[in-house]
Amino acid sequence: MSETIFTKIINREIPAEIIFENDQVLAFKDINPQAPVHFLVIPKKAIATINDIQAEDAEIVGQLYIAAAQIAKEQGFAENGYRAVMNCNMDGGQTVYHIHLHVLAGKPMGWPPYQDTLKQPLP
Ligand code: 5GP
């Protein structure tokens with residue numbers, strides 16, 4: 001797959017506010033936050049979309065959630081709660097093709113997420 005801006009963040013070629021790192025994952029603040037707390041947890045392995053996750057990636061995908069929960073506890077919003085979401089392709093709203101877990105917190109999240117844009121009722 002072609003390199004994305006997230007590979008440049010992993011390689012420190014462009015700056016980011018990194019809040020967590022281990023061998024497999026990196027977490028950094030989103031440049032355009034949609035909540036009082038908004039950071040991204042990404043695998044260091046470049047996987048383009050959820051559709052490209054292979055069985056061998058199960059460990060690394062699990063690590064994204066483990067890192068998210070650890071950061072939530074460290075930053076003190078684990079108990080109040082948060083939204084952890086991964087967008088896939090166009091309808092999912094994906095813009096960077098290197099999978100990433102959005103972690104949003106600090107205010108109650110709306111549900112369903114498509115409320116404002118849904119044109120047809122669900123079947
Ligand atoms: P997506 O739309 O693919 O689910 O999410 C991509 C996210 O990456 C967006 O929330 C966007 O604000 C964030 N983003 C895009 N470019 C950069 C960047 O250069 N630095 C940081 N920190 N976040 C970025």
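The values are calculated or read from the model by the stated rules, or taken from the named source; none is laboratory data. All values derive from a computational prediction rather than experimental measurement. Glycine also receives a Cβ, built like all others from the backbone with ideal geometry; neighbour counts cover every protein chain displayed. Side chains included, ligands, DNA and RNA excluded: accessible areas come from the protein's heavy atoms. Shrake-Rupley method; radii C 1.70, N 1.55, O 1.52, S 1.80 Å.
Here are the numbers for this structure:
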quantity: Ranked packing of 69-81, 33-45, most packed first, by mean Cβ within 10 Å; calculated: 33-45, 69-81
quantity: Segments 4-15, 100-111 sorted - mean Cβ within 10 Å per residue, highest first; calculated: 100-111, 4-15
quantity: Longest to shortest principal axis, alpha-carbon extents of the range 27-66, angstrom; calculated: 34, 20, 14
quantity: With every protein chain in place, the range 1-63: carbon and sulfur % of accessible area (1.4 Å); calculated: 50
quantity: Set of lysines near residue 107 by C-alpha distance (under 17 Å), chain-local residues within fewer than 8 positions excluded; calculated: 29, 73
quantity: Accessible area in square angstrom per residue, the chain, 1.4 angstrom probe; calculated: 64
quantity: Rg to Rh quotient for the chain, alpha carbon positions, Kirkwood Rh; calculated: 0.97
quantity: Listed residues 70, 60, 43: farthest to the positive end of the dipole of the chain (Cβ charges); calculated: 70
quantity: Dipole magnitude of the chain about its Cα centre (Cβ charges: Lys, Arg +1; Asp, Glu -1), debye to nearest 20; calculated: 320
